[in-house]
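Readers should treat all values here as calculations from the given coordinates under stated rules, not as data from a laboratory. These numbers were taken from a predicted model, which means no experiment stands behind them. Positions of Cβ are generated from backbone atoms using ideal geometry, with glycine treated the same way; all protein chains shown enter the neighbour counts.
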Amino acid sequence: MTPASHLTTDRVNQETSLRDTAHLIHPSMPDFDEFGDCSLDHLVSRLISGLGEDVTREGLVKTPERVERSLRFLTSGYETSVEEVLNGALFEAEGSEMVVVKSIEFYSLCEHHMLPFFGHAHIAYIPSKKILGLSKFARVVDVFARRMQVQERMTSQIADALVEALEPEGLAVVTEASHLCMMMRGVEKQGSTTRTSAMRGVFKSDARTRQEFLDSLR
Ligand SMILES: [Zn+2]
């Protein structure tokens, strides 16, 4: 194992493989096995034995593989771009009335504990030049929910991506979520939800527009 004091920029540049840099990034990270196997299912298997379980028992034999597939899906937002999701779904705006899409279900992973947080996103916008097919709002939410996240950042990212694509008069996103890292670990009581919002354009500058949206969520 390489002591952390050897961590210099040059050294990191020279040693680019995960196998080598893993020790530099975190001195207490264990060595990979003699075959240098650092595949995700292998790491999950190490995690399970680290928790004191027997990875060879029947119920657990395929678990590392399943966890890998599941995690790849739950973080598939990294592989998806907003551009490809919105491709062909933007249309010319005909009016400038507020559009509200409520209760878009989402599931995300808290980046501090890698435990789920989940709930609903509500999106409103006042079109200027373009409108978006309604089903696409849920797709955009998934692009940012399927990552390791904090709820505040996810909410802002959804808002900023939609503002960039739609160039609206204004746009607002409110998310409400339950966090398993709080619920399961008993820091907060069951049933508590966290609400975050991101207001852009007239939703930020005009209190009445903002209130109209927030009232519609009641
Ligand atoms: Zn957490």
Calc'd 3J(HN,Hα), the stretch 108-119, phi into Karplus 6.51 cos²θ - 1.76 cosθ + 1.60 (θ = phi - 60°), Hz, glycine/Pro = x, comes to 9, 10, 5, 6, 7, 10, 6, 10, x, 10, 8, x
For the residues ILE158, ILE104, what sequence is obtained by ranking on other C-beta atoms within 10 Å, fewest first? ILE104, ILE158
Collect residues whose amide H, placed 1.01 Å from N in the peptide plane, falls under 5 Å from the amide H of ALA93; neighbours closer than 5 in sequence don't count. LYS130, ILE131
Any idea how many Lys pairs in the stretch 82-216 come in under 20 angstrom at the alpha carbon, given 8 or more places apart or on separate chains? 5
Mind checking the alpha-carbon convex hull of the stretch 65-213 and giving the volume per residue in Å³? 111
For labels at THR194 and LEU60 in the simple 7 Å Cα→Cβ model, what's the distance in nm? 3.0
For the stretch 82-216, what proportion of DSSP beta bridges, expressed in % and rounded to the nearest 5, is antiparallel? 95
So which GluC sites (Glu not before Pro) in the stretch 39-143 are both in a DSSP loop and have at most 16 other Cβ atoms within 10 Å of their Cβ? GLU53, GLU94, GLU97, GLU111
